[in-house]
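Asks: After the structure tokens below, expect a handful of questions from me.
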Amino acid sequence: MVAIYQETGASEVPVSWRATRMSEERPQMKNRPGAQRALDLRHGPLQLPVFLPDATLGVVRSLDATDLLQCGIQAVQTNVFHLMQKPGSSTIKALGGLHRAFGWERPIVTDSGGFQAYSLIRQNARYGSLTDRGILFRPEGSSRRYKFTPEKSTRLQIDYGADIVICLDDCTHVDESASAQVESVTRTIGWAKRCKAEFERRAEQLRTPPDERPLLFAVIQGGGDRQLRQRCAEELLQIGFDGFGFGGWPLDSEGNLLTEIIGYTRELIPVDLPMHALGVGQPASIVTCAGLGYDLFDSTMPTRDARHGRLYTFTADPGSTTFDGDWYSYKYIQDRKHIKADVPISPYCHCLCCARYSLAYLHHLFKIRDSLFHRLSTMHNLTFMVQLLARIRALLAEGS
Ligand SMILES: [Zn+2]
């Protein structure tokens with residue numbers, strides 16, 4: 001049964017409501033001190049809030065599924081736009097879907113490709129075009145052209161076996177013109193209608209019973225304009241979805257989190273519906289957005305930072321931090337001061353890397369460019385993220 005439920009204390013106590021099959025009447029619920037949120041998906045529950053590492057091309061780089069489980073990762077996020085190019089939809093089908101191909105038995109969220117269209121096409125027209133009908137994409141160095149429509153994005157995500165399917169949206173940056181934001185919202189709503197129709201059509205074709213279907217999330221656009229965000233949220237709520245995402249680049253041109261509009265957008269959606277802060281992964285931003293009521297986060301940042309030698313550390317015991325002051329810092333592995341440092345990256349980390357290896361050995365692996373460095377540093381940063389989200393959940397449960 002797919003549902004959000006609340007968990008109180010140590011034992012899971014589903015409360016009287018079970019959200020939220022689309023179009024069904026949804027009981028009201030309030031966030032209550034002492035209660036934790038969770039989301040039941042086909043491949044298991046997610047304790048919320050949760051961080052999902054990005055497996056954009058079908059892999060969290062340098063880790064396998066056992067490594068991810070050892071870090072405590074609950075779910076991963078991948079991307080239909082990239083997967084349909086590499087390894088390609090027919091290959092994924094031949095391998096029995098994403099879960100079998102990845103060797104991963106827990107939930108998988110598939111992003112729709114809207115953000116990729118923004119980052120590739122909106123910023124460089126030679127990669128393709130974006131119209132109300134959909135996206136036409138020409139990868140660099142390839143003669144192939146890909147047609148990508150709301151229907152195709154939805155159908156592929158379902159066929160890949162996703163636990164959460166995300167509607168194709170038209171993503172913008174907050175600094176784009178007012179007319180571009182209006183066009184984005186109008187197109188995002190139109191595409192969301194088509195995604196939902198295709199979602200239901202495909203589920204019928206596959207004869208999937210309602211309680212075995214993935215969840216369908218829609219994405220709220222509107223840049224920094226409150227009225228546009230409101231229009232987008234209201235029309236999407238009317239269509240009916242299982243959850244929502246904050247759409248658009250989440251930072252301003254100076255790299256600051258758009259806290260005000262992100263918080264406002266969360267308030268437009270009933271608290272019993274889960275919300276995904278798409279692309280938010282910087283630790284301090286996650287703390288802020290979780291405090292605003294966001295439930296899911298994904299980013300390539302922690303794993304990319306790990307591969308480049310930027311290692312995350314808590315400055316005090318993460319089991320008691322209240323996220324005041326400088327509660328975390330970075331260690332840069334290439335720093336010469338680590339050459340003979342016979343200590344782990346962090347005394348507060350229980351990952352494989354910190355349990356077995358010194359900073360000095362990691363520095364050596366980094367210098368000789370051994371792939372073991374990528375694996376160990378990625379496991380460390382992901383364990384940091386797992387500890388971070390566990391602490392946020394504990395504080396939310398206390399009502400802090
Ligand atoms: Zn560690």
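Asks: Excluding Thr131 itself, calculate the net charge of residues whose Cβ lies under 13 Å from the Cβ of Thr131, where each Lys or Arg counts +1 and each Asp or Glu counts -1.
Replies: +1
Asks: Shifting gears a bit: Taking +1 at the Cβ of each Lys and Arg and -1 at the Cβ of each Asp and Glu, which of Thr265, Thr321, Gly97 sits farthest along the dipole of the chain towards its positive end, judged by Cα position relative to the Cα centre?
Replies: Of the options given, the answer is Gly97.
Asks: Something else about it: Using θ = phi - 60° and the Karplus curve 6.51 cos²θ - 1.76 cosθ + 1.60, what whole-Hz ³J(HN,Hα) does each residue of segment 157-168 get, with Gly and Pro shown as x?
Replies: Once rounded to whole Hz, the list reads 4, 5, 5, 6, x, 4, 8, 10, 9, 10, 5, 5.
Asks: Follow-up. Evaluate the relative contact order of the chain (contact order divided by residue number), counting alpha-carbon pairs under 8 angstrom at least 6 apart; express in whole percent.
Replies: 16 percent
Asks: Restricting things to alpha carbons, find the Rg to Rh ratio for segment 220-303 using the Kirkwood radius for Rh. Before the final figure, lay out the partial values.
Replies: Numbers: Rg = 12.2 Å, Rh = 12.9 Å.
Ratio value, two decimals: 0.95.
Asks: Also: Between segment 32-86 and segment 194-215, what's the alpha-carbon centroid distance in Å?
Replies: 22 Å
Asks: Just the Cα atoms of the chain: what Rg and Dmax do they give in Å?
Replies: 20.9, 62
Asks: May I ask for the net charge around Ser299, where only other residues with Cβ less than 12 Å from the Cβ of Ser299 are counted and Lys, Arg are +1 while Asp, Glu are -1?
Replies: Local charge sum for Ser299: -3.
Asks: Classify segment 93-243 from the C-alpha gyration tensor, please: rounded if a/c falls under 1.5, else prolate or oblate depending on whether a/b exceeds b/c.
Replies: Cα axes put segment 93-243 in the oblate bin.
Asks: So, one more: In which sequence would Thr186, Thr78 go, from the one with the fewest C-beta neighbours within 10 Å to the one with the most?
Replies: Thr186, Thr78
Asks: Can you pull out the cysteines in the chain that have no other Cys Cβ under 4.7 Å?
Replies: If one checks each Cβ against the other cysteines of the chain, Cys71, Cys171, Cys232, Cys289, Cys351, Cys353 turn up with nothing under 4.7 Å.
Asks: From the helices alone, meaning DSSP H stretches of at least four residues, give me the mean residue ellipticity at 222 nm for the chain, per-run term -39500 (n - 2.57), in deg cm²/dmol to the nearest 500.
Replies: Values: 14 runs with 146 residues, N = 400.
The helix contribution divided over the chain gives -11000 deg cm²/dmol.
Asks: Sort Ile108, Ile220, Ile286 so that the residue with the fewest other Cβ atoms within 10 Å of its own Cβ comes first and the one with the most comes last.
Replies: Ascending Cβ contact count within 10 Å gives the list Ile286, Ile108, Ile220.
Asks: What size of dipole, in debye to the nearest 20, comes out for the chain about its Cα centre when the only charges are +1 on Lys and Arg C-beta atoms and -1 on Asp and Glu C-beta atoms?
Replies: 1280 debye
Asks: Then there's this: Decide, for segment 255-379, between rounded, prolate and oblate: order the square roots of the alpha carbon gyration tensor eigenvalues as a ≥ b ≥ c, take rounded if a/c falls under 1.5, and otherwise choose prolate if a/b is larger than b/c, else oblate.
Replies: prolate
Asks: Moving on to the next point. Sort Ser253, Ser89 by Cβ crowding within 10 Å, fewest neighbours at the top.
Replies: In order of increasing Cβ crowding within 10 Å: Ser253, Ser89.
Read the figures in this text as sums done on the coordinates, not as results from a lab. The shown structure was predicted, so the numbers you read here are calculated from the model rather than taken from an experiment. All Cβ positions, even for glycine, are placed from backbone atoms using ideal geometry, and neighbour counts span all protein chains on display.
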